[in-house]
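Just below is one structure, and these are the notes that go with it.
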Amino acid sequence: MTINMIQILIQTEKELSKVIYEQTGGNKNFGLIRSKGDQALFNNSMAQMKKKYKINDNRPLADFMPTILLKAKDFATEITIYNAKENSMTRKNQISYEHVTNNKTVKNLKRFTKTKQRGIKCKHI
């Protein structure tokens, strides 16, 4: 399942890159926007996460993430895509703010759900 989820996340992130390109006239800021989203979701950069979990720099972090975290990341990205299109966002800072907000919202879902009671420990989120 994790391999399939990684492929889904890759496609979703490609779609976000496309939306950024089409709506802002360039996607050179895609990496920065994605990085800010990751920081909001995980409270760490990808480099910090790799160091924390002792993952080689040349390996994708997604290869080591549980499916539930991949789904959380994908969900936040899908919300960003939807809202960027729906609200005709044309500036990088609009999409970046939207992406950070969505990642924080997904991270905070654990407060409103009973994930802990269901045996899901969200300490990595």
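Derivation of every value follows stated rules applied to the coordinates shown; laboratory data play no part. Predicted model only: the values in this text are computed from it and were never measured. Every residue, glycine among them, receives a Cβ derived from its backbone with ideal geometry; neighbour counts consider all protein chains shown.
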| Relative to the Cα centre, what is the charge dipole magnitude of the stretch 1-89, using +1 at the beta carbon of each Lys and Arg, -1 at the beta carbon of each Asp and Glu, and rounding to the nearest 20 debye? | 380 debye
| Efficiency of FRET between F64 and K14 - r from beta-carbon atoms, R0 25 angstrom, step 0.05 | 0.70
| query | Under 20 Å from the Cα of K18, which aspartates and glutamates turn up, not counting those fewer than eight places away in the same chain? | reply | D38, D74, E78, E86, E98
| task | For the pairs K51/K85; K52/K85; K28/K107, note any where the Cα-Cα span goes beyond 32 Å. | result | K51/K85; K52/K85
| remark: Checked the chain against the a/c 1.5 cut and the a/b vs b/c comparison, axes a ≥ b ≥ c from its Cα gyration tensor; verdict prolate
